[in-house]
Each structure stands twice: as structure tokens, then as C-alpha cells.
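Report on the following structure.
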Amino acid sequence: MPLAVMRRAVRETVSGLPREFWWLWTSTLVNRLGAFVATFMALYLTLDRGYSASYAGLVASLHGLGGVVSSLGAGVMTDRLGRRPTLLIAQTSTAASVALLGFMHDPVSIAAVAFLVGMASNASRPAVQAMMADIVRPEDRVRAFSLNYWAINLGFAVSSMAAGFIAEFSYLAGFLIEAGMTLVCALVVFAKLPESRPVRTAKEKADEAGLGTVLRDRRFMSVVGLSFLVALVFQQGSVGLPVAMGRAGFTPADYGLAIAVNGVLIVALQIPVTRFIQHRDPRRLLVISSLLAGYGFGLTAFAGSVGVFALTVCVWTLAEIVNAPTQTGLVVQLSPTHGRGRYQGMYTLSWSLAALVAPLMSGVVIDRLGAEWLWGLCAVVGTAAGLGYALLMSRVPAEEPAVQVPAVPAAPAVPAAQMPAVPVVAAPVASGASAAPAAPAAPLRDASPAKVSGTMVAGTKVSGARTGPGTAEETAVEA
């Protein structure tokens with residue numbers, strides 16, 4: 001591909017997104033660059049502290065349980081307190097609890113603080129996703145979520161490589177570096193991100209969507225259920241695959257080489273694939289990605305070498321690249337503007353629960369039936385999720401893009417004295433007929449807020465001069 005074409009593709013991918021999005025994106029990248037603890041926690045407990053593998057598994061489960069507990073609570077905070085306060089509370093709490101974990105030595109204390117770390121670190125997710133939905137136009141959301149997902153994986157790839165070197169020097173240094181970089185994220189949010197929660201009217205406050213409203217939303221809860229199934233499949237890359245490869249006689253280095261393909265492909269392909277899918281039918285994308293995930297893991301049953309394992313990773317990684325932004329965009333589409341935090345919290349809960357259930361499921365199936373049955377089960381679950389999306393999306397209306405209204409030059413003023421008098425003549429009305437009333441204005445569909453002179457305004461988005469390659473001064477009104 002010529003260099004000029006690549007430059008134009010990158011420019012088109014990143015252009016047109018608001019400044020606030022890029023500060024939020026930067027905060028996400030910095031956060032993931034410092035995510036050392038999740039990478040070496042098991043090694044820290046077993047090698048440095050001398051605890052058993054069972055205890056390390058218990059700590060990991062408590063960390064995941066903390067994420068489950070905080071998902072819904074953080075969603076409520078996002079709607080009631082606001083996106084920005086929730087982010088600040090979550091990130092400062094994460095920094096404090098991670099630093100504290102590095103100084104814990106008693107097994108009970110380590111387990112308790114690990115639970116707190118899980119709660120705090122997961123609490124920012126509903127706020128990030130709700131804020132992104134607030135500040136990005138509907139037609140740009142899949143692209144924005146893809147770029148955010150790319151930042152997450154780029155940061156994780158770098159931090160995973162750095163974690164090994166830091167652990168050789170000092171495990172405590174890893175805890176403190178992660179705490180420091182999380183504080184940097186909080187400073188970015190504090191200094192650069194305004195509150196994006198739409199201003200609510202008295203009626204909207206009275207009709208506020210509670211958790212009961214979310215649970216009664218059958219269509220959305222169906223999405224949550226399907227998300228849980230897909231997450232169960234994707235989780236096998238980190239819980240079922242290493243165990244199965246170990247049982248087959250492969251070394252940890254072999255697994256590391258195979259799974260590294262996942263991060264490399266996401267970093268390399270997320271942006272070009274996003275350009276391809278951002279205006280495609282989300283129903284087809286979710287069905288195809290679910291089937292690719294299921295059968296990508298299903299093919300693992302036939303893998304007998306590291307190269308074949310890596311090929312199967314390529315298949316389900318492509319599914320992950322397509323599924324993640326498309327599914328997040330669907331969640332935003334189905335969420336009411338003033339209930340986005342709660343809806344995003346429920347969606348986050350599906351992944352947190354999958355992180356708890358997947359290790360138990362893979363362990364039981366591999367121990368009792370064998371790894372081949374686990375990969376066959378993944379294919380069945382992926383097929384069920386694909387059929388579920390096909391049925392569900394047939395009843396989901398397409399999201400309307402923002403209405404672009406071009407700027408119209410003002411007509412020259414004419415003095416009132418020079419304006420000729422125009423007689424007003426009533427239009428004749430046929431006998432027996434009545435004059436038709438004026439048609440009511442069409443309701444605005446997605447009243448996302450916009451930033452005008454540093455203030456987030458609900459209802460319309462008015463953007464003045466948008467500078468960038470190939471863009472002209474325009475005024476946009478977002479419905």
C-alpha cells in the first residue's frame with residue numbers, strides 16, 4: 001500500500017472526533033501502559049511470597065468478584081454523580097489500593113486488598129463508556145470505541161513486556177509504578193475532561209431509569225445474556241488455552257508465543273478493520289464475530305503444533321476485533337441518554353461474571369472430559385450466540401445518524417422603509433373542508449450533549465470551525 005494512501009486512511013480514521021475524546025483516549029492508554037499487577041500477580045504470590053497455586057487462584061477470584069460487585073454500583077454513580085466524579089473516585093481509589101497491595105504480607109490482608117483493587121479498577125469502565133457515548137456523534141461511535149479498544153490492547157502489550165523486566169528488579173516497584181500511572185490518569189481527567197452528563201429536566205429526573213428499569217428491559221437484557229456467552233468463549237484464551245497446551249506437553253514459552261499473536265494482530269488490524277466495518281450492518285457483524293469466536297476456539301481441538309495454535313488465535317482475534325466495538329455501540333444505542341451509566345454497568349457485569357465462570361467451566365470440562373470437549377463446547381456457545389444476535393437484531397431499529405445542516409450565508413439586511421407592502425390574502429378553503437393543522441415537529445432521537453464554549457449542553461451539538469485536512473468550516477446540529 002502506498003505511503004500516501006496509508007496516511008490518508010489513518011487521517012480519515014482519527015479525524016472528526018472531539019478533543020475530549022482524545023483526552024479520554026490518552027487516559028485509557030496511560031492506564032493500560034501501567035497495568036503491571038494483573039500480569040505478574042500469580043508469579044508474585046507463588047514465587048516471591050511462596051504461596052500455593054490454589055491461594056493465587058483464590059486471590060484472582062476475589063479480584064474478579066470485586067469487579068462484579070462494583071459494576072452496578074459504578075453505573076449508578078455514573079448517572080447520579082456524573083461521569084467525571086466517578087472516574088476521579090475510581091482512579092484515585094485504584095492508585096491507593098494498588099500501592100497498598102504492594103506492602104501487604106499477611107494472606108488475609110492480601111486477599112482483602114485484592115478484592116478492593118478489583119472493585120476500584122472496574123468502577124471506571126461504565127463512566128468511560130458513558131462519557132464516550134456522550135461526547136461522540138452516533139455515526140462515529142463504532143470508530144471511537146475501536147480506537148479506545150486499540151489503545152487498551154496497545155497499552156497491555158507494552159505493559160506485559162515491561163512487567164517481566166520490572167518483576168526481575170522489584171515486584172514492589174511494579175505496584176508503585178502502576179499506582180503512579182493511575183494517578184496520572186486521574187490528573188488528566190481532572191485537568192482536561194469536563195462533565196459530559198446531559199442536563200436533566202424535572203420530568204427526566206422523576207422518570208430516572210433505575211436498576212429495575214434496566215432489568216425489565218428485555219431487549220437489553222437479551223444483549224447482556226448474549227454478551228455473557230461471547231465473553232465465556234473469549235475468556236478461554238487466557239484460562240482454557242494455557243491449561244490445554246500444558247496438558248499437551250507445550251511449555252509456557254510456547255503458550256506465550258501463540259497468545260502474543262492476539263495482541264500483535266489487534267494493534268496491527270484494529271484501525272484498518274474499523275474503517276471496513278464502521279458503516280456495515282451491525283447484525284451481520286455480531287453474528288459473524290460470534291461464529292468466528294466459537295469456531296476459532298473449536299479449531300483448537302485439531303491443533304498439534306505451536307504454529308497451528310497461533311493460526312486458531314488469528315481466527316478468534318479477528319472476531320474480537322469486530323465484536324468489541326460493534327457490541328459496545330449496540331449497548332449505547334439501546335441505552336437511554338440519562339441511564340447510560342446503569343446500562344453500561346449491567347453490560348460490564350456480563351464480562352465480570354464471565355471472568356468468574358470461565359475458569360471454573362474450563363477446569364471442570366478439561367478434568368472430566370478432556371480439552372477437545374471444551375473446544376467443541378466453545379463452538380456450540382458461539383453458534384448459540386450468533387443465532388441469538390440474528391433473532392435479536394431483527395427487532396432493533398437502525399440508529400439514525402446526526403443530521404448535518406450546512407451553514408447558510410445570511411441575506412443582506414433590507415431597511416423596513418424600503419420594503420414594499422405585501423397584501424395578505426387568505427387561501428380559499430373548500431366547502432365542507434377544514435384547514436389542515438401544522439404538522440408537529442419530528443421528535444429528536446438521540447439527544448447527545450455537546451460542548452459549547454467549555455460547557456456540555458444536552459439536546460444539540462453545535463460545532464463551529466472544525467479544522468483538519470480536507471474539512472471546511474461547518475455548523476452541525478446533532479439530533
*Has region 161-168 got any residue that is under 26 Å from TYR347 (Cβ atoms) and either open to solvent by less than 20 Å² (accessible area, probe 1.4 Å) or not basic (Lys, Arg) (or both)?*
no
*For ALA301, state whether it is farther than 21 Å from MET132 by Cα, open to solvent by 30 Å² or more (accessible area, probe 1.4 Å) and of a type outside the set (D, E, K, R).*
yes
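Which of the residues that make up region 324-340 are hydrophobic (A, V, I, L, M, F, W, C) and open to solvent by less than 10 Å² (accessible area, probe 1.4 Å)?
LEU330, VAL331, VAL332
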*Considering region 34-71 alone, what residues qualify as being open to solvent by less than 50 Å² (accessible area, probe 1.4 Å) and aliphatic (A, V, I, L, M)?*
ALA35, VAL37, MET41, LEU45, ALA56, VAL59, LEU62, VAL68
*asked:* Suppose the filter is among the β-branched types (Val, Ile, Thr) and closer than 26 Å to VAL267 by Cβ; does VAL142 pass it?
replied: yes
*Which fully enclosed helices (runs of 4 or more DSSP H) of region 142-253 have 3 or more residues being of a type in the set (A, V, I, L, M, F, W, C)?*
171-192, 211-216, 218-235, 240-247
_Evaluation of VAL267 against (1) part of a helix (DSSP H, G or I); (2) more than 27 Å from ILE288 (Cα to Cα); (3) not aromatic (Phe, Trp, Tyr) (one fails), failing number_ = (2)
_Just the residues that are touching a residue at least 12 places away in the same chain (Cβ under 8 Å), among the aromatic types (Phe, Trp, Tyr) and open to solvent by 20 Å² or more (accessible area, probe 1.4 Å), please, taken from region 7-33._
TRP23, TRP25
*Within region 72-96, restricting attention to residues that are among the small types (Gly, Ala, Ser) and open to solvent by less than 10 Å² (accessible area, probe 1.4 Å), which residue is nearest to LEU172 (Cα to Cα)?*
ALA95
*Tell me which residues, restricted to region 214-265, are open to solvent by 50 Å² or more (accessible area, probe 1.4 Å) and of a type in the set (Val, Ile, Thr).*
VAL243, THR251, VAL264
*Assess whether ALA206 counts as being at pLDDT below 80, out of contact with any Lys or Arg (no Cβ under 8 Å at 6 or more places or on another chain) and open to solvent by 50 Å² or more (accessible area, probe 1.4 Å).*
yes
*Of the numbered conditions (1) without any contact (Cβ under 8 Å) to a residue 40 or more places away in the chain; (2) within 18 Å of LEU33 (Cα to Cα), TRP150 fails exactly one; give the number of that condition.*
(1)
*Residues located in region 269-298, provided they are open to solvent by less than 50 Å² (accessible area, probe 1.4 Å) and at pLDDT 90 or above*: LEU285, LEU286, VAL287, SER289, SER290, ALA293, GLY294, GLY296, PHE297, GLY298
*Does LEU356 fit the bill of being farther than 20 Å from LEU147 by Cβ, among the hydrophobic types (A, V, I, L, M, F, W, C), open to solvent by 10 Å² or more (accessible area, probe 1.4 Å) and within 17 Å of the chain's Cα centre (by Cα)?*
no
*Within region 77-113, which residues are touching a helix residue (DSSP H, G or I) at 6+ places or on another chain (Cβ under 7 Å), touching a residue at least 60 places away in the same chain (Cβ under 8 Å) and either of a type in the set (Val, Ile, Thr) or under 23 Å from ALA42 (Cβ atoms) (or both)?*
THR78, THR86, THR92, THR94, ALA95, VAL98, ALA99, LEU101, GLY102, ILE110
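The values are calculated or read from the model by the stated rules, or taken from the named source; none is laboratory data. As the structure is a computational prediction, the values presented were derived from the model and not from experiment. Positions of Cβ are backbone-derived with ideal geometry, glycine not excepted, and every protein chain shown enters the neighbour counts. Accessible surface is based on the protein model in full, side chains and every heavy atom, while ligands, DNA and RNA are left aside. Shrake-Rupley method; radii C 1.70, N 1.55, O 1.52, S 1.80 Å.
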